[in-house]
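The values are calculated or read from the model by the stated rules, or taken from the named source; none is laboratory data. Because the structure is a prediction, the values reported are computed rather than measured. We place every Cβ from the backbone using ideal geometry, glycine too, and count neighbours over all the protein chains shown.
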Ligand SMILES: [Zn+2]
(Lines give C-alpha, C1' and ligand atoms only; values in the text may rest on other atoms or scores of the structure.)
Protein backbone atom coordinates (compact mmCIF):
# COMPACT_ATOMS: atom_id res chain seq x y z
CA UNK A 1 0.00 0.00 0.00
CA UNK A 2 1.29 3.41 -0.84
CA UNK A 3 0.75 6.43 1.36
CA UNK A 4 -1.70 7.71 -1.24
CA UNK A 5 -4.14 4.80 -0.73
CA UNK A 6 -5.42 6.47 2.39
CA UNK A 7 -6.66 9.36 0.26
CA UNK A 8 -7.88 7.28 -2.69
CA UNK A 9 -11.47 8.56 -2.71
CA UNK A 10 -10.74 12.26 -2.46
CA UNK A 11 -8.00 12.14 -5.09
CA UNK A 12 -10.67 10.95 -7.55
CA UNK A 13 -12.06 14.49 -7.50
CA UNK A 14 -11.12 16.33 -10.67
CA UNK A 15 -8.50 18.96 -9.96
CA UNK A 16 -7.64 17.60 -6.50
CA UNK A 17 -3.94 17.85 -5.67
CA UNK A 18 -3.03 15.73 -2.67
CA UNK A 19 0.62 16.79 -2.80
CA UNK A 20 -0.53 20.35 -2.48
CA UNK A 21 -2.40 19.46 0.71
CA UNK A 22 0.65 17.55 2.00
CA UNK A 23 2.74 20.67 1.59
CA UNK A 24 0.24 23.10 3.16
CA UNK A 25 0.17 24.54 6.67
CA UNK A 26 -2.94 26.01 8.24
CA UNK A 27 -3.55 27.87 11.46
CA UNK A 28 -6.68 27.15 13.50
CA UNK A 29 -7.60 29.68 16.17
CA UNK A 30 -9.84 27.97 18.72
CA UNK A 31 -10.36 24.22 18.88
CA UNK A 32 -13.85 24.22 20.35
CA UNK A 33 -16.97 23.04 18.54
CA UNK A 34 -16.13 24.57 15.16
CA UNK A 35 -12.32 24.58 15.34
CA UNK A 36 -12.18 20.97 16.52
CA UNK A 37 -14.28 19.92 13.52
CA UNK A 38 -12.16 21.91 11.06
CA UNK A 39 -9.01 20.38 12.56
CA UNK A 40 -10.48 16.86 12.35
CA UNK A 41 -11.56 17.39 8.72
CA UNK A 42 -8.19 18.68 7.57
CA UNK A 43 -6.34 15.98 9.51
CA UNK A 44 -8.36 13.22 7.84
CA UNK A 45 -7.83 14.86 4.46
CA UNK A 46 -4.07 14.78 4.99
CA UNK A 47 -3.04 18.40 5.42
CA UNK A 48 0.72 18.78 5.88
CA UNK A 49 0.72 20.72 9.13
CA UNK A 50 -1.82 22.11 11.55
CA UNK A 51 -0.99 24.89 13.98
CA UNK A 52 -3.59 25.12 16.76
CA UNK A 53 -4.13 27.70 19.47
CA UNK A 54 -6.63 27.65 22.31
CA UNK A 55 -6.03 28.87 25.86
CA UNK A 56 -9.13 27.15 27.23
CA UNK A 57 -9.53 23.95 29.23
CA UNK A 58 -11.93 21.07 28.60
CA UNK A 59 -15.24 21.40 30.46
CA UNK A 60 -18.14 18.98 30.82
CA UNK A 61 -20.46 21.17 28.72
CA UNK A 62 -18.00 20.93 25.80
CA UNK A 63 -18.51 17.20 25.42
CA UNK A 64 -21.86 17.52 23.64
CA UNK A 65 -20.17 19.25 20.70
CA UNK A 66 -16.40 18.92 20.77
CA UNK A 67 -15.52 15.54 19.39
CA UNK A 68 -11.81 15.65 20.17
CA UNK A 69 -12.46 15.59 23.92
CA UNK A 70 -13.50 12.77 26.30
CA UNK A 71 -14.68 12.64 29.92
CA UNK A 72 -11.15 11.77 30.97
CA UNK A 73 -9.89 15.07 29.48
CA UNK A 74 -11.88 17.37 31.80
CA UNK A 75 -9.66 20.15 33.08
CA UNK A 76 -6.89 19.55 30.53
CA UNK A 77 -5.64 22.04 27.95
CA UNK A 78 -7.83 21.92 24.84
CA UNK A 79 -4.90 22.57 22.53
CA UNK A 80 -2.78 19.76 24.00
CA UNK A 81 -5.58 17.16 24.02
CA UNK A 82 -6.70 18.15 20.51
CA UNK A 83 -3.15 17.72 19.19
CA UNK A 84 -2.89 14.25 20.72
CA UNK A 85 -6.23 13.08 19.26
CA UNK A 86 -5.48 14.51 15.84
CA UNK A 87 -2.16 12.63 15.72
CA UNK A 88 -4.12 9.45 16.45
CA UNK A 89 -6.60 10.20 13.65
CA UNK A 90 -3.79 10.67 11.14
CA UNK A 91 -0.20 10.15 12.27
CA UNK A 92 1.13 11.58 9.01
CA UNK A 93 -0.08 15.07 9.87
CA UNK A 94 2.24 17.33 11.82
CA UNK A 95 0.45 19.14 14.64
CA UNK A 96 1.81 22.07 16.62
CA UNK A 97 -0.35 23.26 19.52
CA UNK A 98 -0.27 26.44 21.61
CA UNK A 99 -2.31 26.52 24.82
CA UNK A 100 -2.26 30.31 24.63
CA UNK A 101 -4.32 33.31 23.67
CA UNK A 102 -3.66 33.93 19.96
CA UNK A 103 -2.74 37.53 20.77
CA UNK A 104 0.47 36.47 22.53
CA UNK A 105 1.78 34.37 19.62
CA UNK A 106 4.70 35.76 17.64
CA UNK A 107 4.36 37.02 14.12
CA UNK A 108 6.36 34.15 12.56
CA UNK A 109 3.70 31.66 13.71
CA UNK A 110 1.23 33.39 11.37
CA UNK A 111 3.80 34.09 8.65
CA UNK A 112 4.50 30.38 8.26
CA UNK A 113 0.92 29.38 7.40
CA UNK A 114 -1.03 29.33 4.13
CA UNK A 115 -4.54 29.85 5.50
CA UNK A 116 -5.89 31.07 8.85
CA UNK A 117 -9.10 29.57 10.23
CA UNK A 118 -10.84 31.75 12.80
CA UNK A 119 -13.05 29.59 15.02
CA UNK A 120 -13.32 31.97 17.96
CA UNK A 121 -16.21 32.82 20.22
CA UNK A 122 -15.56 36.52 20.80
CA UNK A 123 -15.23 39.60 18.63
CA UNK A 124 -12.18 40.96 20.45
CA UNK A 125 -10.02 38.08 19.20
CA UNK A 126 -11.75 37.83 15.83
CA UNK A 127 -11.05 41.50 15.06
CA UNK A 128 -7.43 41.08 16.09
CA UNK A 129 -6.96 37.94 13.98
CA UNK A 130 -8.62 39.63 11.00
CA UNK A 131 -6.10 42.45 11.22
CA UNK A 132 -3.22 39.94 11.44
CA UNK A 133 -4.47 38.22 8.27
CA UNK A 134 -4.78 41.49 6.35
CA UNK A 135 -1.39 42.79 7.58
CA UNK A 136 0.43 39.60 6.63
CA UNK A 137 -1.65 39.06 3.48
CA UNK A 138 -2.92 35.63 4.56
CA UNK A 139 -6.37 34.40 3.57
CA UNK A 140 -8.71 34.08 6.56
CA UNK A 141 -11.78 31.90 6.91
CA UNK A 142 -13.99 32.99 9.78
CA UNK A 143 -16.81 30.82 11.12
CA UNK A 144 -19.28 31.36 13.92
CA UNK A 145 -22.63 30.06 15.11
CA UNK A 146 -25.56 30.86 17.34
CA UNK A 147 -28.13 28.13 17.93
CA UNK A 148 -29.44 26.96 14.55
CA UNK A 149 -27.60 29.72 12.67
CA UNK A 150 -24.10 29.62 11.27
CA UNK A 151 -21.93 32.13 9.39
CA UNK A 152 -18.85 31.66 7.25
CA UNK A 153 -16.83 34.45 5.65
CA UNK A 154 -13.67 34.08 3.59
CA UNK A 155 -11.41 37.13 3.65
CA UNK A 156 -8.93 37.50 0.81
CA UNK A 157 -6.93 40.48 2.05
CA UNK A 158 -7.55 43.65 0.04
CA UNK A 159 -9.59 41.68 -2.52
CA UNK A 160 -12.74 40.86 -0.57
CA UNK A 161 -14.37 42.49 2.46
CA UNK A 162 -12.60 41.86 5.75
CA UNK A 163 -14.40 41.43 9.09
CA UNK A 164 -13.90 45.11 9.89
CA UNK A 165 -15.26 46.45 6.56
CA UNK A 166 -18.90 46.15 7.62
CA UNK A 167 -18.28 46.16 11.32
CA UNK A 168 -20.97 48.80 11.86
CA UNK A 169 -23.57 46.31 10.68
CA UNK A 170 -21.99 43.03 11.66
CA UNK A 171 -20.25 43.50 15.01
CA UNK A 172 -22.75 43.89 17.86
CA UNK A 173 -22.71 47.40 19.26
CA UNK A 174 -22.10 46.29 22.83
CA UNK A 175 -18.98 44.46 21.65
CA UNK A 176 -17.61 47.55 19.96
CA UNK A 177 -18.51 50.01 22.64
CA UNK A 178 -15.56 50.75 24.81
CA UNK A 179 -16.54 50.51 28.42
CA UNK A 180 -14.78 53.68 29.47
CA UNK A 181 -11.48 51.99 30.32
CA UNK A 182 -10.00 55.41 29.81
CA UNK A 183 -11.75 57.42 32.45
CA UNK A 184 -10.07 57.70 35.80
CA UNK A 185 -11.57 54.84 37.69
CA UNK A 186 -11.36 53.49 41.18
CA UNK A 187 -12.36 50.10 42.60
CA UNK A 188 -15.74 51.49 43.73
CA UNK A 189 -16.64 52.11 40.07
CA UNK A 190 -16.06 48.44 39.31
CA UNK A 191 -18.07 47.36 42.37
CA UNK A 192 -20.97 49.53 41.15
CA UNK A 193 -20.74 48.36 37.52
CA UNK A 194 -20.91 44.76 38.68
CA UNK A 195 -23.77 45.54 41.07
CA UNK A 196 -25.78 46.90 38.12
CA UNK A 197 -25.34 43.49 36.51
CA UNK A 198 -26.50 41.77 39.68
CA UNK A 199 -23.04 40.63 40.80
CA UNK A 200 -21.77 41.37 44.30
CA UNK A 201 -18.05 41.91 44.98
CA UNK A 202 -16.53 43.92 47.82
CA UNK A 203 -14.11 46.81 47.46
CA UNK A 204 -11.21 44.66 48.67
CA UNK A 205 -11.78 42.20 45.84
CA UNK A 206 -12.12 45.02 43.33
CA UNK A 207 -8.83 46.48 44.59
CA UNK A 208 -7.09 43.18 43.92
CA UNK A 209 -8.43 43.18 40.37
CA UNK A 210 -7.24 46.77 39.94
CA UNK A 211 -3.71 45.72 40.90
CA UNK A 212 -3.83 43.41 37.87
CA UNK A 213 -4.99 46.34 35.72
CA UNK A 214 -8.50 44.88 35.52
CA UNK A 215 -10.65 47.96 35.88
CA UNK A 216 -13.82 47.35 33.92
CA UNK A 217 -16.35 44.66 33.13
CA UNK A 218 -14.74 44.53 29.70
CA UNK A 219 -11.34 43.82 31.27
CA UNK A 220 -12.85 41.00 33.31
CA UNK A 221 -14.22 39.43 30.16
CA UNK A 222 -11.23 39.87 27.89
CA UNK A 223 -7.99 40.37 29.87
CA UNK A 224 -5.32 37.92 28.75
CA UNK A 225 -5.30 35.24 31.39
CA UNK A 226 -1.76 33.99 30.88
CA UNK A 227 -0.23 37.35 31.64
CA UNK A 228 -2.20 37.37 34.89
CA UNK A 229 -1.66 33.79 36.02
CA UNK A 230 2.00 34.42 36.74
CA UNK A 231 1.44 37.42 39.02
CA UNK A 232 -1.94 36.81 40.68
CA UNK A 233 -2.63 34.64 43.72
CA UNK A 234 -5.08 31.72 43.69
CA UNK A 235 -7.92 33.67 45.31
CA UNK A 236 -7.93 36.46 42.72
CA UNK A 237 -7.67 33.99 39.88
CA UNK A 238 -10.68 32.08 41.18
CA UNK A 239 -12.61 35.34 41.59
CA UNK A 240 -11.74 36.33 38.05
CA UNK A 241 -12.79 32.95 36.67
CA UNK A 242 -16.08 33.12 38.57
CA UNK A 243 -16.86 36.63 37.29
CA UNK A 244 -15.87 35.67 33.80
CA UNK A 245 -18.15 32.65 33.72
CA UNK A 246 -21.10 34.78 34.88
CA UNK A 247 -20.34 37.63 32.48
CA UNK A 248 -19.47 35.69 29.36
CA UNK A 249 -22.84 34.87 27.96
CA UNK A 250 -22.95 31.42 26.48
CA UNK A 251 -24.77 31.30 23.22
CA UNK A 252 -26.93 28.26 22.52
CA UNK A 253 -25.02 25.79 20.37
CA UNK A 254 -25.50 22.36 18.82
CA UNK A 255 -23.04 19.93 17.34
CA UNK A 256 -24.83 19.47 14.02
CA UNK A 257 -24.65 23.18 13.21
CA UNK A 258 -20.99 23.31 14.27
CA UNK A 259 -20.35 20.44 11.86
CA UNK A 260 -22.10 22.28 9.00
CA UNK A 261 -20.16 25.50 9.64
CA UNK A 262 -16.87 23.61 9.94
CA UNK A 263 -17.68 21.59 6.83
CA UNK A 264 -18.26 24.74 4.80
CA UNK A 265 -15.11 26.35 6.21
CA UNK A 266 -12.98 23.31 5.42
CA UNK A 267 -14.32 23.05 1.88
CA UNK A 268 -13.67 26.75 1.28
CA UNK A 269 -10.16 26.31 2.75
CA UNK A 270 -9.33 23.35 0.51
CA UNK A 271 -10.54 25.31 -2.54
CA UNK A 272 -8.45 28.26 -1.45
CA UNK A 273 -5.33 26.10 -1.16
CA UNK A 274 -5.97 24.74 -4.65
CA UNK A 275 -5.85 28.28 -6.04
CA UNK A 276 -8.83 28.00 -8.40
CA UNK A 277 -8.36 24.40 -9.55
CA UNK A 278 -11.43 23.39 -7.53
CA UNK A 279 -13.51 26.43 -8.41
CA UNK A 280 -13.73 29.94 -7.08
CA UNK A 281 -13.68 30.80 -3.40
CA UNK A 282 -17.09 32.20 -2.36
CA UNK A 283 -17.05 35.86 -1.41
CA UNK A 284 -19.38 37.54 1.05
CA UNK A 285 -21.09 35.91 3.98
CA UNK A 286 -22.43 32.35 3.79
CA UNK A 287 -25.37 32.04 6.15
CA UNK A 288 -26.76 28.68 7.23
CA UNK A 289 -30.18 28.64 8.85
CA UNK A 290 -30.82 25.20 10.25
CA UNK A 291 -34.37 26.03 11.29
CA UNK A 292 -35.60 26.73 7.78
CA UNK A 293 -32.88 24.55 6.18
CA UNK A 294 -31.66 27.44 4.13
CA UNK A 295 -28.19 28.27 2.91
CA UNK A 296 -27.77 31.79 1.58
CA UNK A 297 -25.03 34.13 0.51
CA UNK A 298 -25.04 37.74 1.57
CA UNK A 299 -22.99 40.21 -0.43
CA UNK A 300 -20.58 42.21 1.69
CA UNK A 301 -18.78 45.06 0.02
CA UNK A 302 -15.33 46.21 0.90
CA UNK A 303 -15.18 49.55 2.62
CA UNK A 304 -12.51 51.62 0.83
CA UNK A 305 -12.00 53.51 4.10
CA UNK A 306 -11.83 50.36 6.24
CA UNK A 307 -9.33 50.89 9.08
CA UNK A 308 -7.87 47.42 8.50
CA UNK A 309 -7.94 46.80 4.74
CA UNK A 310 -8.64 50.30 3.30
CA UNK A 311 -7.53 50.83 -0.31
CA UNK A 312 -4.61 53.07 0.26
CA UNK A 313 -2.18 52.48 3.09
CA UNK A 314 -0.41 55.72 2.34
CA UNK A 315 -3.47 57.80 3.15
CA UNK A 316 -4.22 57.54 6.85
CA UNK A 317 -7.73 57.86 8.22
CA UNK A 318 -8.53 61.52 8.91
CA UNK A 319 -9.81 62.37 12.36
CA UNK A 320 -11.08 65.74 13.42
CA UNK A 321 -9.93 66.75 16.89
CA UNK A 322 -9.06 69.95 18.77
CA UNK A 323 -5.33 70.28 19.49
CA UNK A 324 -6.00 72.10 22.76
CA UNK A 325 -7.44 68.89 24.22
CA UNK A 326 -5.65 66.25 26.28
CA UNK A 327 -4.43 62.87 25.09
CA UNK A 328 -7.01 61.26 27.37
CA UNK A 329 -9.82 63.11 25.56
CA UNK A 330 -8.37 61.97 22.23
CA UNK A 331 -8.28 58.38 23.45
CA UNK A 332 -11.92 58.60 24.49
CA UNK A 333 -12.87 59.98 21.08
CA UNK A 334 -10.90 57.24 19.30
CA UNK A 335 -12.44 54.59 21.56
CA UNK A 336 -15.97 55.55 20.66
CA UNK A 337 -15.26 56.20 16.96
CA UNK A 338 -13.50 52.91 16.27
CA UNK A 339 -14.63 50.60 19.08
CA UNK A 340 -11.15 50.35 20.60
CA UNK A 341 -11.38 49.72 24.34
CA UNK A 342 -7.72 50.48 25.04
CA UNK A 343 -6.11 52.86 22.53
CA UNK A 344 -2.54 54.08 23.08
CA UNK A 345 -1.36 57.14 21.19
CA UNK A 346 2.09 57.32 19.64
CA UNK A 347 3.57 60.47 18.14
CA UNK A 348 7.10 60.98 16.88
CA UNK A 349 8.09 57.54 18.16
CA UNK A 350 6.93 58.31 21.69
CA UNK A 351 3.91 57.11 23.65
CA UNK A 352 1.89 60.09 24.85
CA UNK A 353 0.53 60.11 28.38
CA UNK A 354 -3.06 60.93 29.29
CA UNK A 355 -2.60 64.40 30.75
CA UNK A 356 -0.44 65.77 27.92
CA UNK A 357 -2.03 68.39 25.63
CA UNK A 358 -1.67 67.60 21.92
CA UNK A 359 -0.57 71.11 20.89
CA UNK A 360 2.00 71.22 23.68
CA UNK A 361 3.72 68.01 22.57
CA UNK A 362 3.98 69.46 19.08
CA UNK A 363 1.06 67.85 17.25
CA UNK A 364 -0.05 70.12 14.40
CA UNK A 365 -3.09 69.86 12.18
CA UNK A 366 -2.30 67.35 9.42
CA UNK A 367 0.23 65.44 11.51
CA UNK A 368 -0.01 61.67 11.64
CA UNK A 369 -0.26 59.90 14.98
CA UNK A 370 -0.32 56.14 15.50
CA UNK A 371 -2.92 54.37 17.58
CA UNK A 372 -2.25 50.94 19.00
CA UNK A 373 -4.96 48.72 20.49
CA UNK A 374 -5.49 45.06 21.30
CA UNK A 375 -8.07 45.00 18.50
CA UNK A 376 -5.42 45.56 15.83
CA UNK A 377 -2.20 43.78 14.98
CA UNK A 378 -0.44 46.92 13.71
CA UNK A 379 -0.82 50.50 14.94
CA UNK A 380 -3.34 52.51 12.94
CA UNK A 381 -2.05 55.75 11.36
CA UNK A 382 -4.45 58.65 11.89
CA UNK A 383 -4.15 62.12 10.47
CA UNK A 384 -5.29 64.65 13.04
CA UNK A 385 -7.21 67.53 11.53
CA UNK A 386 -7.87 70.47 13.79
CA UNK A 387 -11.46 71.68 13.27
CA UNK A 388 -10.32 75.34 13.24
CA UNK A 389 -8.39 74.78 9.98
ZN1 LIG B 1 -11.76 45.81 5.73
Quiz item: Failed condition for residue 111, given (1) closer than 21 Å to residue 374 by Cβ; (2) surrounded by 14 or more Cβ atoms within 10 Å (Cβ to Cβ), with all others met?
Solution: (2)
Quiz item: What number goes with the only condition from (1) modelled with pLDDT under 95; (2) on the phi > 0 side of the Ramachandran plot; (3) exposed (fewer than 15 other Cβ atoms within 10 Å of the Cβ) that residue 293 does not pass?
Solution: (1)
Quiz prompt | Residue list for segment 223-242, filter: in a helix (DSSP H, G or I) and under 19 Å from the mean Cα position of the chain (by Cα) | solution = 225, 226, 227
Practice problem: Filter segment 312-341 down to residues that are part of a helix (DSSP H, G or I), under 21 Å from the mean Cα position of the chain (by Cα) and away from the ligand (no atom under 13 Å from the Cβ), then give me how many there are. | Solution: 4
Quiz prompt | Flag for residue 347 being away from the ligand (no atom under 16 Å from the Cβ), out of contact with any helix residue (DSSP H, G or I) (no Cβ under 6 Å at 6 or more places or on another chain), at negative phi and touching a residue at least 60 places away in the same chain (Cβ under 8 Å) | solution = no
Quiz item: With 243, 285 as the choices, which residue is surrounded by 17 or more Cβ atoms within 10 Å (Cβ to Cβ) and within 16 Å of the ligand (Cβ to nearest atom)?
Solution: 285
Exercise. Within segment 68-106, count every residue that is within 30 Å of residue 18 (Cβ to Cβ) and either free of Cβ contacts under 8 Å to residues at least 40 places away in the same chain or buried (at least 16 other Cβ atoms within 10 Å of the Cβ) (or both).
Key: 21
Practice problem: Can you confirm whether segment 356-370 contains a residue that is under 23 Å from residue 133 (Cβ atoms), modelled with pLDDT of 90 or more and either in contact with a strand residue (DSSP E or B) (Cβ under 7 Å, 6 or more places away or on another chain) or crowded, with 17+ Cβ neighbours inside 10 Å (or both)? | Solution: yes
Quiz item: Just checking, how many residues over segment 25-70 are touching a strand residue (DSSP E or B) at 6+ places or on another chain (Cβ under 7 Å) and assigned to a loop (DSSP other than H, G, I, E, B)?
Solution: 4
Quiz item: List pairs: first in segment 153-169 and closer than 17 Å to residue 273 by Cβ, second near the ligand (Cβ under 8 Å from one of its atoms) and at pLDDT 90 or above, Cβ under 6 Å, 6+ apart or cross-chain?
Solution: 155/162; 157/134
Exercise. Being at pLDDT below 90 and over 13 Å from residue 298 (Cβ atoms) is the filter; apply it to segment 160-175 and report the residue that is farthest from the ligand (Cβ to nearest atom).
Key: 174
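The rows are residues; the columns are (1) assigned to a helix (DSSP H, G or I); (2) assigned by TED's automatic domain parsing to the domain that holds residue 45.
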{"residue": "268", "(1), (2)": "yes, yes"}
{"residue": "271", "(1), (2)": "yes, yes"}
{"residue": "277", "(1), (2)": "no, yes"}
{"residue": "281", "(1), (2)": "no, yes"}
{"residue": "310", "(1), (2)": "no, no"}
Quiz prompt | Residue among 301, 245, 249 that alone is modelled with pLDDT under 95 and part of a helix (DSSP H, G or I) | solution = 245
Exercise. Output the number of the condition that residue 305 fails; it satisfies all remaining conditions of (1) more than 16 Å from the ligand (Cβ to nearest atom); (2) without any contact (Cβ under 8 Å) to a residue 60 or more places away in the chain.
Key: (1)
Practice problem: Please go through segment 117-134 and pick out each residue that is closer than 25 Å to residue 22 by Cβ and within 15 Å of the ligand (Cβ to nearest atom). | Solution: 118, 133
Quiz item: Considering 317, 308, 268, which residue is touching a strand residue (DSSP E or B) at 6+ places or on another chain (Cβ under 8 Å) and modelled with pLDDT of 90 or more?
Solution: 268
